[in-house]
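Accompanying notes for the structure given below.
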Amino acid sequence: MKTMLNVALPKGRLGEKVYAMFEKAGFPCPSIKENNRKLIFENEECGVRYFWVKPSDVAIYVERGAADIGVAGKDILLEYEPDIYELLDLDLGKCRMCVAAMSGWRDDTRRTLRVATKFSNIAQNYYCSKGRDIDIIHLNGSIEIAPILGLSDVIVDIVETGTTLKENDLLVYDTIVPISARLIANKASYKFKGSEIDSIVTSISSQLEEGK
Amino acid sequence: MHTTVGSAERVALSLRALYNQYGYSQYKMSKFEEYDLYARNKDFLISDGVITFTDLSGKLMALKPDVTLSIVKNSKDCAGVRKLYYNENVYRVTKGAHGYREIMQVGLEAIGDVDAYTICEVLLLAAKSLRAISDAAVLDISHLGLLSELMAFIGVPDDKEAQLVKFISEKNAHEMTDLCRGCGISEENISLLRSLFAMNGAPKCVLPELKALLSGKVSDAALAQFEAVICALEGSGVEDLLRIDFSVVDDMHYYNGFVFKGFINGLPGSLLSGGQYDNLMDKMKRSDRAIGFAVYTDLLERLEQPADPYDVDTVLLYDAGCSLSDIRRQAQSLTAQGISVLVQQTRPENIRFRQLLKLSGNEVKLLENNA
């Protein structure tokens, strides 16, 4: 029986774009395009199995070996720090991890900085590298309202176009790191399915080069 | 029902036999170390957390999160090489777990005048340890000495070394390239690093390429030692497991020289990890050198065979009026046939059995057959 390569794709538009790249790389699975609620799709002939997972969970599936490879945002990789190989920057889903605050805000270094974020680890590492004492307020959504309501001084969050910030009278004060989707691989899978993984990496790399 | 010794126990037994064969003696750790030992070498430990308690004299002690530190601490500088192995439980916080776990770990250490042969022997035993567990195994070998000499040659600033090493460990060529460009490293040297990244395979294929790539950029002695040790493993019967892969890195404050990681098909992460840790010896003001590895046998439960569909072959029920010797005799006659038997008065709940027997007087009746 042919060894199957398990691929975790992030649900949504990004995942669809990524699937197109895999298809072009010689790993098609036509059933994935059917309009249904199935989450797992298999093409035994090509030796590939795709599954849709929540974007923030892709890294967990890959790190724990349920998926051999997957596509995850750099924000998730920095936050969760999974023990995986990061093989390729797919140049998709580009945005920035930023520090934002109300317009007119000034950092008062005599006080502990209150930081509201979904990305506690990234915020912690960033301010630690700057030697700034902070109080992390972990939120799961609507981060932008934290400074407006006085819950925090700043927020650390993903900024794509900046429209939400603008509409809430917030400004970007610093860019921590640029974010994009990355092709990741489980370390053990790479040892035993390395040639399949490498052929995908090579093909997608050349697709990216062609697209430039 | 076939009961088998669990993978971890079976592997531990075969590894002990293997290490004994090569003259390693068992290190038994029956006392507790002071917390200070682990606090001073926090980065050497896999997990951050250490379980502490205060002993009768008021000292802060710890349940061991690691065995290597104790072996180093308790072995004294002396001539020759002390070869030890251990099979101990350690107490760690594993990633993602919200608490401590007791983990069985098997490993070995060679401490003293560690020469090229000792390194070769430890690599051989690491590969043989993997083979004892599975044929589908890989031992990735790298050399931090070569890597750090190469980083010095291409001029990686000290404050960027850790970040670069992280990218190397992730095979993250794109960010490594950005980092190097940001440090003003030439495109030629970036491509040198990228070539090193891409090298990954059996020593026979990779060594000539590696020599050509690193020649003149790292010391001849380091390159020659690396080659000599790897080549000496040719014909050892485990050479098919060996891969050279420079993405295997470890904390350079503790490790130097050879570092390696073992993988088994079917397990998501590395099962075996080890290397030369002369820098730890230096930190502990020791003049002797050291190399060792650990096998995380707790991970083997992921490799366990599919569970038996039955918990027990036979459930034997008996009446209150049955004589004790009849019950004992019936149970014994079943076990003598190699049949496992659970004896009790009432039908058990949540137990899967092949057959249900009932002993009334001295007569046995079959009540149920699920086989």
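The values are calculated or read from the model by the stated rules, or taken from the named source; none is laboratory data. All of these numbers come straight from a predicted model, not from anything done at the bench. Methodologically, a virtual Cβ is constructed for each residue, glycine included, from the backbone with ideal geometry; neighbour enumeration extends over all protein chains shown. The area values use the complete protein model at the heavy-atom level, side chains included, leaving out ligands, DNA and RNA. Shrake-Rupley method; radii C 1.70, N 1.55, O 1.52, S 1.80 Å.
Inter-label distance, residue A:208 to residue B:204: 3.4 nm, where each label sits 7 Å from its Cα along the C-beta direction. Annotation for the B:A interface, with buried accessible surface near 1600 Å², both sides summed [1.4 Å probe; non-protein components not counted].
Of the DSSP beta bridges with both residues in region B:312-369, give the percent that are antiparallel, rounding to the nearest 5. Just about 40 percent of them are antiparallel. Sequentially through region A:144-158, phi angles give Karplus couplings (6.51, -1.76, 1.60; θ = phi - 60°) of 4, 7, 4, x, 5, 8, x, 6, 9, 7, 9, 10, 10, 7, 7 Hz, Gly and Pro residues having no value and appearing as x. Applying a DSSP loop filter and a limit of 16 other Cβ atoms within 10 Å to the GluC sites (Glu not before Pro) in region A:123-211 leaves A:160. Spherically averaged projected area of the convex hull of Cα atoms, region B:8-302: 16.2 nm². Using a probe of 1.4 angstrom, how much of the accessible area of the protein assembly as shown is carbon and sulfur, in percent? Roughly 50 percent, rounded to a whole number.
Counting Lys and Arg as +1 and Asp and Glu as -1 over every other residue whose Cβ lies under 13 Å from the Cβ of residue B:81, the net charge comes to -3.
Taking trypsin sites (Lys or Arg not before Pro) across region B:21-53, the ones in a DSSP loop with at most 12 further Cβ atoms lying within 10 angstrom of their Cβ are B:28, B:31.
For region B:62-214, rounded, prolate or oblate, judged on the Cα gyration tensor with a ≥ b ≥ c (square roots of eigenvalues), a/c < 1.5 rounded, else prolate if a/b > b/c?
prolate
Among the trypsin sites (Lys or Arg not before Pro) within region A:81-143, those in coil by DSSP and having at most 10 neighbouring Cβ atoms inside 10 Å are A:106, A:110, A:111. Legend: calculated FRET efficiency, residue B:94 to residue A:112, from the Cβ-Cβ distance at R0 = 25 Å, rounded to 0.05, equals 0.20. Near the amide H of residue B:61, within less than 5 Å, lie the amide hydrogens of B:35, B:53, B:54, B:55, all on another chain or at least 5 residues away, with H placed in the peptide plane. Look at the stretch B:170-177: the mean tally of other chain Cβ atoms within 10 Å of its residues' Cβ atoms is 6.
Give me the net charge of residue A:31's neighbourhood, meaning all other residues with Cβ under 10 Å from the Cβ of residue A:31; Lys, Arg count +1, Asp, Glu -1. Net charge in that neighbourhood comes out at 0. Mean partner shielding of peptide B:261-271, defined as the number of other chain Cβ atoms within 10 Å of each residue Cβ, is 5. Karplus-derived 3J(HN,Hα) values for region B:72-83, using 6.51 cos²θ - 1.76 cosθ + 1.60 with θ = phi - 60°, are 5, 5, 8, 9, 9, 4, 7, 5, x, 10, 8, 10 Hz; glycine and proline are entered as x. Ignoring ligands and nucleic acids, what accessible area does residue A:109 show with a 1.4 Å probe (Å², nearest 10)? Number for this one is 110 Å². Accessible area per residue was computed with a 1.4 Å probe on protein heavy atoms; residue B:368 scores about 50 Å².
Which residues of region A:162-205 end up with at least 30 Å² less accessible area in the presence of all protein chains than when their chain stands alone, using a 1.4 Å probe? Buried by 30 Å² or more upon assembly, which counts only protein chains, are A:187, A:188, A:190, A:191, A:192. Size descriptors for region A:1-107 (Cα atoms only): Rg and Dmax, in that order, 16.4, 64 Å. Once you have a ≥ b ≥ c as the square roots of the Cα gyration tensor eigenvalues for region A:38-160, tell me rounded if a/c is under 1.5, and otherwise prolate or oblate according to whether a/b is larger than b/c. In terms of gyration-tensor shape, prolate. Sorting B:95, B:171, B:217, B:204 on solvent-accessible area from highest to lowest, probe radius 1.4 Å, gives B:204, B:95, B:217, B:171.
Applied to region B:181-191, the Karplus parametrisation 6.51 cos²θ - 1.76 cosθ + 1.60 on θ = phi - 60° returns per-residue 3J(HN,Hα) values of 4, x, 8, x, 6, 5, 4, 5, 6, 5, 5 Hz, with x for Gly and Pro. Candidates B:12, B:176, B:134 compared by Cα position along the dipole of chain B: farthest toward the positive end lies B:12, with charges placed on Cβ. The residues B:111, B:133, sorted by heavy-atom accessible surface at 1.4 Å with ligands and nucleic acids left out, run B:133, B:111 from largest to smallest. Taken as Cα centroids, region B:203-247 and region A:59-87 sit 30 Å apart, rounded to the nearest whole angstrom.
Let me make sure I get this right: for region B:312-369, a, b and c are the square roots of the gyration tensor eigenvalues over alpha carbons, sorted descending. Under 1.5 in a/c it's rounded, otherwise prolate if a/b > b/c, else oblate. Which is it? Cα axes put region B:312-369 in the oblate bin.
Computed across the protein assembly as shown, the Kirkwood radius stands at 27.6 Å (inverse of mean 1/r, all Cα pairs).
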